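Below: one structure, written as structure tokens.
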Amino acid sequence: MTPVRDGLLHIVRPGALTTVQDAGRPGWAHLGVGRAGALDAPAARLANRLLGNPPGAALLETTVTGCAVRPGRTVVAVVGGAGSRVTVDGRPVAWGAPVRVPAGAVLDVGPALNGVRGYLAFEGGLEPEPVLGSRSADLLSGLGPAPLAAGDTLPLGEPAGQPPEGEGPTPWPGAPAELVLPLHLGPRHAWFTAAALRTLTTAAYRVSPHSNRIGLRTEGPALERARDGELPSEGMVLGAVQVPPDGRPVVFLNDHPTTGGYPVVGVVPETALAGAAQAVPGTRVRFSVRA
């Protein structure tokens, strides 16, 4: 195929779910707008760093099945996050390190070999139109670019300068064999029995296949309520562990709603959530209560 010589990234194969993400749009929750942004923020920042991009430059977040893209001009790219096989026009290239992709060549990111979400960054970043200061897609609210489809295009940014000199192989965190989530109890832990709180911290919960960017759902024993009824809707934060009527905890991730009426038994600190982005269905989940 004749190379398309333009400043666009052409989507050849979108995979199960590929979205544009950056550092998100914090600070709008009071208006009902969630944060969004890359679920595995450390992986996204590392991919950008290897290219000399700002930490919050926009990139692609893939889900399980990878994606394939064709740049209209020669670019340098990094594929990181979930491990995968990477090719350029069918030839294997490095995963987790900068790779030169000629204009018109197909960069194909294969299915995840470990983990769930991959990050595909380009020197200069991606530059779709920002919404409220961010280029991130928010799947709950619909803000930002829509999930990508075959034939879509995205503007490529201009490289700011030379990528940093290589320092040998870059260590990327792997998918967790067990997801240990520190938990600060509250604000509604009193809605649950003492036995339920013991269950929360001792039971063998596992990641549900119904998890998504909104929340990590769990499978395991239900938490028993100490009181009936529901709360008036109140504010929800990133990492809130909400307990819906089925009693199985849900850990709110980046596309979570900004309000909710089910009780929040505790909150997982943001710094501990990167593992939740890469935990495959069936991964054991353990909640560890912190003072």
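The values are calculated or read from the model by the stated rules, or taken from the named source; none is laboratory data. Keep in mind that this is a model prediction, so the values were computed, not measured. All Cβ positions, glycine included, derive from the backbone under ideal geometry; neighbour counts span all protein chains shown.
Given the criteria touching a Gly at 6+ places or on another chain (Cβ under 6 Å) and either crowded, with 24+ Cβ neighbours inside 10 Å or not in a loop (DSSP other than H, G, I, E, B) (or both), does Thr62 qualify?
Against the criterion (touching a Gly at 6+ places or on another chain (Cβ under 6 Å) and either crowded, with 24+ Cβ neighbours inside 10 Å or not in a loop (DSSP other than H, G, I, E, B) (or both)), Thr62 qualifies.
Tell me the residue from Arg85, Arg73 that is surrounded by fewer than 23 Cβ atoms within 10 Å (Cβ to Cβ), in the same structural domain as Gly144 (by TED's automatic domain parsing), assigned to a strand (DSSP E or B) and not acidic (Asp, Glu), please.
So the residue among Arg85, Arg73 that is surrounded by fewer than 23 Cβ atoms within 10 Å (Cβ to Cβ), in the same structural domain as Gly144 (by TED's automatic domain parsing), assigned to a strand (DSSP E or B) and not acidic (Asp, Glu) is Arg85.
Quick one: in segment 192-216, which of the residues that are surrounded by fewer than 14 Cβ atoms within 10 Å (Cβ to Cβ) and within 16 Å of the chain's Cα centre (by Cα) is nearest to His256 (Cα to Cα)?
Step by step, filter segment 192-216, then rank; the result is His210.
Does Leu139 satisfy being surrounded by fewer than 24 Cβ atoms within 10 Å (Cβ to Cβ), farther than 23 Å from Leu216 by Cα, among the aliphatic types (A, V, I, L, M) and modelled with pLDDT of 95 or more?
no
Kindly list, by first and then second residue, each pair from a residue in segment 233-250 that is hydroxyl-bearing (Ser, Thr, Tyr) to a residue that is part of a loop (DSSP other than H, G, I, E, B), limited to pairs with Cβ atoms under 6 Å and residues at least 6 apart or on different chains.
Ser233/Gly261
How about segment 234-274: which of its residues are more than 21 Å from the chain's Cα centre (by Cα) and in a loop (DSSP other than H, G, I, E, B)?
Once the filter is applied, which keeps residues that are more than 21 Å from the chain's Cα centre (by Cα) and in a loop (DSSP other than H, G, I, E, B), segment 234-274 yields Val243, Pro244, Pro245, Asp246, Gly247, Arg248, Gly261, Tyr262, Pro263.
If you take just the strands (runs of 3 or more DSSP E) that sit entirely in segment 90-191, which of them hold at least 1 residues that are of a type in the set (S, T, N, Q)?
By residue number, 107-122, 153-155.
Looking at Glu219, is it surrounded by 14 or more Cβ atoms within 10 Å (Cβ to Cβ) and among the acidic types (Asp, Glu)?
When the stated conditions are applied, Glu219 passes them.
Collect the residues in segment 1-60 that are of a type in the set (Ser, Thr, Tyr) and either closer than 26 Å to Ala112 by Cβ or free of Cβ contacts under 8 Å to residues at least 40 places away in the same chain (or both), keeping them in residue-number order.
Thr18, Thr19
Tell me, which residue of segment 196-225 that is of a type outside the set (Ser, Thr, Tyr) and without any contact (Cβ under 8 Å) to a residue 12 or more places away in the chain is nearest to Gly275 (Cα to Cα)?
By that ranking, first place goes to His210.
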